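S.K.: Below is a structure I'd like to ask you about.
The values are calculated or read from the model by the stated rules, or taken from the named source; none is laboratory data. Note that the structure is predicted; figures quoted are calculated from it, not measured. Neighbour counts are summed over all protein chains in view; Cβ atoms, including those assigned to glycine, are modelled from backbone coordinates with ideal geometry.
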Amino acid sequence: MNNLDFVIPKENSWEELLQVRPLSPFASVSSDFAKALSQQLLQQGQTYPEMMALGFWLRRANLSRLEREFTEKNTSDQFRLPQGLVFHIAPANVDTLFVYSWMLALLVGNKNFLRLPTQDTPQIKHLLNIIGRLFEDDTYQALRQRNMLVRYGHDDEINLIASAHCDVRVLWGGDGTVQNIRRFPLQPAARELNFVDKFSLAFLDAKAVFDTRAFEQLIQHFCNDAFGFDQRACSSPRLVVWLGSDHQVKQAQNKFWSGVVQRTTKQPPPIPVHLRMEKLITQYEFAVKWDVQVPASTTAYVNRIELSSLDKLPTDLHCGGGLFYEFSVHDLKELIPVLSKKIQTISIFGISGENLRQLLSINLCAGVDRIVPIGKALDFHHHWDGYDLLSEFSRSIIFSKGP
Amino acid sequence: MDPALLKQPSYGLNAAAKLELLLPQLQQLTQQHKRSCEPYAKILHSFRQTEVESLADLPYLPVRLFKTHTLRSIAEEEVFKILTSSGTTSQQVSRIYLDKTTAQFQTKALVAILQDFLGKYRRPMLIIDHPNVVKNRAEFSARGAGILGVSTFGRDHTYLLNEQMEIDFETLEAFLDKHSGKPLLMFGFTFMIWQYLYQSLLKTGKKVDLSRAFLLHSGGWKKLAEQAVANATFKDSLQELTGITQIANFYGMVEQVGSIFVECVMGHLHAPIFADVIVRDPETWGVAEHGELGVIEVLSILPQSYPGHVLLTEDLGRVLGEDDCSCGRLGKYFEIEGRIPLAELRGCSDTHSLVATA
């Protein structure tokens, strides 16, 4: 543990972290810290929508909701305690995600050792500044002792030690990272949560899109979902599926995409030029390898690829930055082949959630972790990729009172 | 392409005359490659074509595709030479398949361009590299191809460096003595010249007089930009140590060998009659205004054996003007501002690798 490049709080050490005991679930110091963080984010986060979203998620009302959900798990013959030490490995694609992972574990009472993303984006700098300053306040002494946010390179030794001592290892990363980190054994009773590469889609009813009176709002919601985090979050819609007749779909597509183009022309999303180039190249790669149509675009922010089949959807070729695979179906059922384990979020517009639910239940599809309205794709929820994080970060104790 | 074109003055056509020459030839190349190169045909099929009224309407290929796909419009047995990019920064290299005709066009075009700058006299030539770089004649790196291309323009080719990349002073002195009083041609890659000629001279403190030479160089400024060396610094520094005053950079790439864009005394890169340049606005991919920074597209009527006649590069630059450079050359003139910067990727969720996987 000598090669840690960056640590918050500064005076903390791994040895101390191992020795202290966890806190009770939803201890007041933890909730206060979360609220203070929320306040800071909402005051200072205006430039970054994702900071506002995080601040909003941490606000008092939502914390109470989380606490209520947690305590409701306690019944007359069952109660929950924190797991102990949680080792988080944060992802590089969503700057704010480490805070969600960390705060959920912290609120439940755990001690945390968290590896920050190696890249120091302005957003991460901003977050660490706020967190660092909060920790200076002695009110949070108990949390200072129990949390380490660290940064280190590809250091097998640190991964080995942290894995050997933690009670839960949470890995937000790609498939490659999961394989790499799995080389480091956990304690026999430790638990691992792996959030792997996922792929998400938007599913729209063509007629509903064409007819909606809230068209501008739909476009705004879609753009928020699609362009946040450079379209590199697991929940970013990268495939757009249309439901309707060929004619309806054509009409809806024209209207929808000119709306998106107009909006991005007025408010260009911060997509770097090299990424705009990557998208263009991806379109050509598709054209060479698959049977696709590439509609012309008047902006470098929106690139589309019309697929002729959903079979063997090459999810790994997607580079983000406003690239949309597109496909249309006449019937919900045609969606089934694509709903593999790889699929995380379906954000819907004009589609009946109930019908989708039935589709998944009847066909026992392997994938899909979330179904949300368009505009909510990037919202975090403590139920993520099939895990209930409040439960995963705690353990339940059953006591039987006898007959 | 009509080979007679390669005998015309390389900078003798104004915008209208040039368009009249290039547009039909480039359109014809598009059709030719569409017939003979299947991946290219698939691309044209996927991208809905618009009416071609100007050079900017011609379908372009991102130059990167030559790294990921075999793009050739000739049968395997017609392949005369394969050019590869140096590939120092990425593992993948471009592979460019030439038939005899294209190779000849390239050589002739290069000669036509360079004659405009150097006259017809074939000068004794000093190459700032080591001889091994051109050993394998069937498959050339960009460096080798560049050297051989320019070589046809000089005589008594002499390599300045040994395999340890040190200046061979004995050879150099012998070369200078032998050709004393005559104009010389020097050629090399920008970075090699800086690192192995300039820096070595600076370190050893030796003085050489190269004031009779015309130094032609290419290969990109990336490594020099890292050392904060711009074109002006490059020129001034070399002049100080060697007395050399005629220094011209040129912009070219292995994907379009031959139709290079050479820097005039004003410091502007010029498009010859068989090539052109378009700058694309990275907001829309439409044509950028003159003076606006954008992504460089290069057009050339030389590539007959591979679909490389209209290419979108990954370089940034701006068109400075057309037909009115004070050096007197007609055609567009422009400047390059280096590669599109690679802002760090968000890493497609993978915490351990920067390669996009998700």
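S.K.: Show the residue pairs that are 6+ apart or on different chains and have beta-carbon atoms under 8 Å apart, the first residue being within region B:12-24 and closer than 16 Å to residue B:278 by Cα, the second being exposed (fewer than 13 other Cβ atoms within 10 Å of the Cβ).
M.R.: That search, which allows pairs on different chains as well, returns B:19/B:54; B:23/B:54.
S.K.: Can you tell which of A:238, A:182, A:213 is of a type in the set (D, E, K, R) and in contact with a helix residue (DSSP H, G or I) (Cβ under 8 Å, 6 or more places away or on another chain)?
M.R.: Just one listed residue meets the conditions, A:238.
Per-residue answers, yes or no, for (1) touching a Ser or Thr at 6+ places or on another chain (Cβ under 6 Å); (2) under 29 Å from residue B:297 (Cα atoms); (3) crowded, with 18+ Cβ neighbours inside 10 Å:
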residue: A:204; (1), (2), (3): no, no, yes
residue: A:214; (1), (2), (3): no, no, no
residue: A:263; (1), (2), (3): no, yes, yes
residue: A:267; (1), (2), (3): no, yes, no
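S.K.: Just to be sure, is residue A:161 within 12 Å of chain B (Cβ to nearest Cβ) and within 25 Å of residue A:7 (Cβ to Cβ)?
M.R.: no
S.K.: Among the residues of region A:300-311 satisfying the criterion of being more than 13 Å from chain B (Cβ to nearest Cβ) and surrounded by fewer than 17 Cβ atoms within 10 Å (Cβ to Cβ), which is nearest to the chain's Cα centre (by Cα)?
M.R.: A:311
S.K.: Check B:242, B:233 and return the single one that is without any contact (Cβ under 8 Å) to a residue 24 or more places away in the chain and of a type in the set (Ser, Thr, Tyr).
M.R.: B:233
Yes/no matrix, rows are residues, columns are (1) within 14 Å of chain A (Cβ to nearest Cβ); (2) basic (Lys, Arg); (3) in a loop (DSSP other than H, G, I, E, B):
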{"residue": "B:104", "(1), (2), (3)": "no, no, no"}
{"residue": "B:108", "(1), (2), (3)": "no, yes, no"}
{"residue": "B:115", "(1), (2), (3)": "no, no, no"}
{"residue": "B:120", "(1), (2), (3)": "no, yes, yes"}
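S.K.: Just wondering, is there one or more residues in region B:43-60 that are among the acidic types (Asp, Glu) and not in a helix (DSSP H, G or I)?
M.R.: The answer is yes, given that some residue of region B:43-60 is among the acidic types (Asp, Glu) and not in a helix (DSSP H, G or I).
S.K.: Then there's this: Which number in (1) farther than 23 Å from residue A:83 by Cβ; (2) assigned to a helix (DSSP H, G or I) marks the one condition that residue A:154 misses?
M.R.: Just one mismatch for residue A:154, condition (2).
S.K.: Which residues, counting only those in region B:61-87, are within 11 Å of chain A (Cβ to nearest Cβ) and either charged (D, E, K, R) or in a loop (DSSP other than H, G, I, E, B) (or both)?
M.R.: Hits for region B:61-87 are B:63, B:64, B:67, B:69, B:70, B:71.
S.K.: If you don't mind, there's one more thing I want to ask. Kindly provide the set of residues from region A:252-282 that are part of a loop (DSSP other than H, G, I, E, B) and either within 12 Å of chain B (Cβ to nearest Cβ) or touching a His at 6+ places or on another chain (Cβ under 7 Å) (or both), ordered by number.
M.R.: Matches in region A:252-282: A:268, A:269, A:270, A:271, A:272.
S.K.: Hey, can you tell me all the residues within region A:340-368 that are touching a Phe, Trp or Tyr at 6+ places or on another chain (Cβ under 7 Å) and part of a loop (DSSP other than H, G, I, E, B)?
M.R.: Within region A:340-368, A:342, A:351 qualify.
S.K.: In this structure, is residue B:287 on the phi < 0 side of the Ramachandran plot, surrounded by fewer than 19 Cβ atoms within 10 Å (Cβ to Cβ), of a type in the set (A, V, I, L, M, F, W, C) and within 14 Å of chain A (Cβ to nearest Cβ)?
M.R.: When the stated conditions are applied, residue B:287 passes them.
S.K.: Could you say which residue among B:23, B:44 is out of contact with any strand residue (DSSP E or B) (no Cβ under 8 Å at 6 or more places or on another chain) and within 10 Å of another protein chain (Cβ to nearest Cβ)?
M.R.: None of the other options fit; the residue is B:44.
S.K.: Related question: Determine whether region A:215-228 contains at least one residue that is within 14 Å of chain B (Cβ to nearest Cβ) and part of a helix (DSSP H, G or I).
M.R.: Scanning region A:215-228 turns up at least one residue that is within 14 Å of chain B (Cβ to nearest Cβ) and part of a helix (DSSP H, G or I).
S.K.: Checking the conditions here, which among A:21, A:59 is charged (D, E, K, R) and surrounded by 15 or more Cβ atoms within 10 Å (Cβ to Cβ)?
M.R.: Criteria check complete, one pass: A:59.
S.K.: A further question on this structure: Enumerate the pairs (first residue in region A:84-101 and at the interface with another protein chain (Cβ under 8 Å from one of its Cβ atoms); second residue anywhere and basic (Lys, Arg) and assigned to a loop (DSSP other than H, G, I, E, B)) with beta-carbon separation below 7 Å, excluding pairs fewer than 6 apart on the same chain, so at least 6 apart or on different chains.
M.R.: Pairs that qualify, where the first residue is at the interface with another protein chain (Cβ under 8 Å from one of its Cβ atoms) and the partner is basic (Lys, Arg) and assigned to a loop (DSSP other than H, G, I, E, B), are A:92/B:346; A:93/A:232; A:93/B:346.
S.K.: Taking residue A:314 as the residue in question, decide whether it is within 23 Å of the chain's Cα centre (by Cα), more than 8 Å from every other protein chain (Cβ to nearest Cβ) and farther than 25 Å from residue B:65 by Cβ.
M.R.: Judged against the criteria, residue A:314 is not a match.
S.K.: Right, here's the next one. For region B:198-237, how many residues meet the condition of being crowded, with 16+ Cβ neighbours inside 10 Å, part of a helix (DSSP H, G or I) and either modelled with pLDDT of 95 or more or not hydrophobic (A, V, I, L, M, F, W, C) (or both)?
M.R.: Qualifying residue count for the region: 6.
S.K.: Of all residues in region B:269-327, how many are under 25 Å from residue B:31 (Cα atoms), hydroxyl-bearing (Ser, Thr, Tyr) and free of Cβ contacts under 8 Å to residues at least 12 places away in the same chain?
M.R.: Going through region B:269-327 one residue at a time, the tally reaches 0.
S.K.: Taking region B:274-299 only, how many residues are within 20 Å of residue A:264 (Cβ to Cβ) and of a type outside the set (A, V, I, L, M)?
M.R.: 9
S.K.: Sticking with this one: Any residue in region A:387-395 that is of a type in the set (A, V, I, L, M) and either in a strand (DSSP E or B) or outside the structural domain of residue A:112 (by TED's automatic domain parsing) (or both)?
M.R.: No, region A:387-395 has no match at all.
S.K.: Is one or more of the residues making up region A:169-192 touching a residue at least 40 places away in the same chain (Cβ under 8 Å), within 14 Å of chain B (Cβ to nearest Cβ) and polar (S, T, N, Q)?
M.R.: yes
S.K.: Exactly one condition in (1) touching a strand residue (DSSP E or B) at 6+ places or on another chain (Cβ under 7 Å); (2) in the same structural domain as residue A:112 (by TED's automatic domain parsing); (3) surrounded by fewer than 18 Cβ atoms within 10 Å (Cβ to Cβ) is not met by residue A:175; state its number.
M.R.: Of the numbered conditions (1) touching a strand residue (DSSP E or B) at 6+ places or on another chain (Cβ under 7 Å); (2) in the same structural domain as residue A:112 (by TED's automatic domain parsing); (3) surrounded by fewer than 18 Cβ atoms within 10 Å (Cβ to Cβ), the odd one out for residue A:175 is (1).
S.K.: Determine whether region B:27-40 contains at least one residue that is facing chain A (nearest Cβ under 10 Å), surrounded by 15 or more Cβ atoms within 10 Å (Cβ to Cβ) and in contact with a helix residue (DSSP H, G or I) (Cβ under 8 Å, 6 or more places away or on another chain).
M.R.: Yes, because at least one residue in region B:27-40 is facing chain A (nearest Cβ under 10 Å), surrounded by 15 or more Cβ atoms within 10 Å (Cβ to Cβ) and in contact with a helix residue (DSSP H, G or I) (Cβ under 8 Å, 6 or more places away or on another chain).
S.K.: Still on this structure, please answer the following. Looking at (1) in a loop (DSSP other than H, G, I, E, B); (2) surrounded by fewer than 21 Cβ atoms within 10 Å (Cβ to Cβ); (3) touching a residue at least 40 places away in the same chain (Cβ under 8 Å), which one does residue A:119 not meet, given that it meets all the others?
M.R.: (3)
S.K.: A follow-up question, please. Among (1) crowded, with 22+ Cβ neighbours inside 10 Å; (2) outside any loop (DSSP other than H, G, I, E, B), where does residue B:308 come up short?
M.R.: (2)
S.K.: Could you tell me how many of the residues in region A:273-327 are more than 28 Å from residue B:341 (Cβ to Cβ) and not aromatic (Phe, Trp, Tyr)?
M.R.: Adding up the residues that qualify gives 14.
S.K.: When the residues of region A:66-99 are narrowed to those that are part of a helix (DSSP H, G or I) and aromatic (Phe, Trp, Tyr), which ends up surrounded by the most Cβ atoms within 10 Å (Cβ to Cβ)?
M.R.: A:98
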